[in-house]
Amino acid sequence: MKKIAALVIAVCVILLSFFLSGFEGYEYADLSLRAEYSKEYEGTSLTVYNWGEYISDGTEDSLDVNKEFEKLTGIKINYLTFESNETMYSQVKNGGVNYDIVIPSDYMIQRLLKEDMLREIDTSALSNYDLIADDYKNIYFDPENKYTVPYNVGMVGVIYNGAHIKDIEHSWSVLWDKKYKDMVLNFNNPRDAFMTAQILKGYDLNSENKAEWDSAAKLLKKGKPNLQAYVMDEVYGKMETGEASIAPYYAGDYLTMVETNPDLKFFYPEEGTNIFVDSVCILKNSKNYEAALMYINFLLEPQIATANAEYIGYASPNTAVIENENYCYYQNEILYPNEEDMPKVQYYHNIDDEIRRYYENLWIDVKLD
């Protein structure tokens, strides 16, 4: 009886250990890596500041990128998130946290460089840098590839609920169409919100003409009766549940939302749209530069880059992802449109300080009006 009791106890202990391990939510993967990683910097830490929902994190059976890096190197990742470039800039410029790595968009990278806030990245120390597609090297915001490593690529389009709206004009004008009153969302950040009006007006997204910014602000005010809310990450809940029916947002996020709500549809407006490249940067005050280089090289690993691309849903600048036929978004027409289907696009650029302050004040006025 004692042997049986002992056996029962042993089985219960084993089952309990499996049960408890389930609460950890993630088991380390068996990775196949191009580069070699040492534990030379074990016990040190990196603070990474990235967009929300912008890295594969172990949820829904995904790979937990940060945990894998910690296991591999012994470097602790302090991972923090932001919801707009402007929020990120404010925190990095004025906050008390010492960030090592940030992942901003193109125009904000220009601003950080102008203010001497970024450290050069020694790409010769990144054995995986050759995987970055040539299309995403020598871009206007870093023409000599000194300060950035491309992370994700995207364009802005319009998401709508096909169960609520059967026929829709493929134009930015739908945000102002009175038949969609109280059904519409718009961006809760000035650059993207103004873009929706600027392109409809036919303006340059980097205009330094104050009258054009005034005109775009006036159009945004005109559209407020249609608006249910200004949103950033809140767009997920509102569109996935059907609470709202139309929202301009990033194409990659549409692919995430449609998995939850198959009624959601997407188009690129005929007038054109914004294209952006988000890139990994090392801040000048980083206290662990060598560890930061190791982390960036890890993000470029084919298996890691693919996990991120599949989790996030944005286009990848990494050839190991783009050319992988097993990649779930391989040749996806929204992320990687054919040349004939490619919309007219404009990049944001960093704008003169006076003009930036001018449109930021206009934005406050738009929201308070």
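The values are calculated or read from the model by the stated rules, or taken from the named source; none is laboratory data. Please read these numbers as outputs of a predicted model, since none were measured by experiment. Positions of Cβ are generated from backbone atoms using ideal geometry, with glycine treated the same way; all protein chains shown enter the neighbour counts.
Do the conditions hold for residue 318, that is, is it of a type outside the set (Phe, Trp, Tyr), surrounded by 22 or more Cβ atoms within 10 Å (Cβ to Cβ) and under 30 Å from residue 122 (Cβ atoms)? Judged against the criteria, residue 318 is a match.
Look through the stretch 91-130, keep the residues that are more than 29 Å from residue 302 (Cβ to Cβ) and basic (Lys, Arg), and return whichever of them is nearest to the chain's Cα centre (by Cα). Top of the filtered list is 111. Test residue 285 against the criterion of being modelled with pLDDT under 95 and exposed (fewer than 15 other Cβ atoms within 10 Å of the Cβ), and give yes or no. Against the criterion (modelled with pLDDT under 95 and exposed (fewer than 15 other Cβ atoms within 10 Å of the Cβ)), residue 285 qualifies.
For the stretch 169-177, the criterion of being at pLDDT 95 or above, within 21 Å of residue 351 (Cα to Cα) and surrounded by 15 or more Cβ atoms within 10 Å (Cβ to Cβ) is met by no residue.
Can you tell me how many residues in the stretch 253-291 are within 19 Å of residue 56 (Cβ to Cβ) and either touching a strand residue (DSSP E or B) at 6+ places or on another chain (Cβ under 7 Å) or of a type outside the set (Val, Ile, Thr) (or both)?
Taking the stretch 253-291 first, the residues within 19 Å of residue 56 (Cβ to Cβ) are 253-260, 278-280.
Those left that are additionally either touching a strand residue (DSSP E or B) at 6+ places or on another chain (Cβ under 7 Å) or of a type outside the set (Val, Ile, Thr) (or both): 253-255, 257-259, 278-280.
Final tally of qualifying residues: 9.
Note on the stretch 235-248: residues that are free of Cβ contacts under 8 Å to residues at least 40 places away in the same chain and not in a helix (DSSP H, G or I) amount to 2.
From 94, 98, 78, 161, which residue is among the polar types (S, T, N, Q) and under 29 Å from residue 334 (Cα atoms)? Break it down stepwise before answering.
Working: 94 fails: under 29 Å from residue 334 (Cα atoms); 98 fails: under 29 Å from residue 334 (Cα atoms); 78 fails: under 29 Å from residue 334 (Cα atoms).
Only one candidate qualifies: 161.
The residue that is farthest from the chain's Cα centre (by Cα), among those in the stretch 249-269 that are part of a loop (DSSP other than H, G, I, E, B) and touching a residue at least 60 places away in the same chain (Cβ under 8 Å), is 263. Please work out if residue 152 is closer than 30 Å to residue 237 by Cα and either crowded, with 18+ Cβ neighbours inside 10 Å or in the same structural domain as residue 353 (by TED's automatic domain parsing) (or both). Taking the combined requirement at face value, the residue satisfies it.
Among the residues of the stretch 100-117, how many are assigned to a helix (DSSP H, G or I) and touching a residue at least 60 places away in the same chain (Cβ under 8 Å)? Reasoning before the result, please.
Step one: of the stretch 100-117, the residues assigned to a helix (DSSP H, G or I) are 106-114.
Those left that are additionally touching a residue at least 60 places away in the same chain (Cβ under 8 Å): 106-112, 114.
Of the residues in that region, 8 qualify.
Among the residues of the stretch 66-99, those identified as under 21 Å from residue 277 (Cβ atoms) and either in contact with a helix residue (DSSP H, G or I) (Cβ under 9 Å, 6 or more places away or on another chain) or not in a strand (DSSP E or B) (or both) are 82, 83, 84, 85, 86, 87, 88, 89, 92, 99. For first residues located in the stretch 118-140 and farther than 19 Å from residue 288 by Cβ, partners that are of a type in the set (S, T, N, Q) and assigned to a strand (DSSP E or B) and lie 6+ apart or on another chain with Cβ distances below 7 Å form the pairs 131/318; 132/318.
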